[in-house]
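To keep things clear, I will list the structure first and then write my remarks on it.
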Amino acid sequence: MTVPDRFENRFVTSMRTICRNPGSRAALRRAARRRPEDAITAHRYLATWTGTNPGRHREAVLYQAAAWIALFDNGRTADRPPFGAALAAAVRRGKSRGIAANTMETRLIAAGRADATTLIYEHIPRLLTMLHSTGNVPDFADLVRDVLAWPNRSAQITKKWMGDYYRTLAPAAQRAAADDAEPSDA
């Protein structure tokens, strides 16, 4: 469920609006995998979002998230699954493109073990590229929320991503059997 007034939702909506202009979109794309201080073309779009003293992690997340949206967002807002579920959907769709479940799982595990900097500049861009190759797009607001919280909650976020991945990848019959096995709260 998306909460419209959350910071991450407002940020993603703003970046999508900015990306409607091809020049602005190109400026944000150039920020990909660059530290904020090296992403000169993105400053005009992100200065109001980062404030005067945002902290290195927060600033890096916002600059990279803007670049991810500029690079990978397809403009549609409906049916945006959480990150782990989107990765599983990419495996289902991407078998003809050579995306194997064990490859995606290995990359997701590596991302879960990464420090914040490596996650932002290496793992997430690589995973988003795989998603993009299959036409899948995650809920960017949810991804931004997770990555902002990564330094303090990486284990919980990894568990969430992995759980969404495995639940989505599981065959429908297996999911139905698991639902039947759950005790009722009655």
Point to revise | Check: segment 14-77 dipole with +1 on Lys, Arg Cβ and -1 on Asp, Glu Cβ, in debye | key: 160 debye
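With charges set only on the Cβ (+1 for Lys and Arg, -1 for Asp and Glu), what does the dipole of segment 64-133 come to about its Cα centre, in debye to the nearest 20?
Working: 9 positive and 5 negative charges, 62 e Å.
Approximately 300 debye in magnitude.
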Exercise for review: Kindly report the accessible area of the chain per residue (heavy atoms of protein chains, probe 1.4 Å, no ligands, DNA or RNA), in Å².
Suggested key: 54 Å²
Review point. Which of the listed residues, Trp150, Gly75, Trp161, is farthest toward the dipole's positive end in the chain, when Lys, Arg count +1 and Asp, Glu count -1 at the beta-carbon?
Key: Gly75
Check your understanding: Once both axes come from the Cα atoms, what is the angle between helix 101-113 and the longest principal axis of the chain, in degrees from 0 to 90, rounded to 10?
Key -> 60 degrees
Exercise for review: Could you tell me what percent of the accessible area of the chain is made up of carbon and sulfur, with a 1.4 Å probe and every protein chain present?
Suggested key: 50 percent
Review point. Cα axis of helix 124-133 to longest principal axis of the chain: angle in degrees, 0 to 90, nearest 10?
Key: 70 degrees
**Study point:** Per-selection Kirkwood Rh - segment 39-151 (Cα, Å, 1 d.p.)
**Key:** 14.7 Å
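The values are calculated or read from the model by the stated rules, or taken from the named source; none is laboratory data. All values reported here derive from a predicted model rather than from experimental measurement. Because the Cβ atoms are built from the backbone with ideal geometry, glycine has one as well, and the counts that use them run over all protein chains shown. For the accessible areas, the whole protein counts, side chains as well, though only heavy atoms, and no ligand, DNA or RNA atoms are used. Shrake-Rupley method; radii C 1.70, N 1.55, O 1.52, S 1.80 Å.
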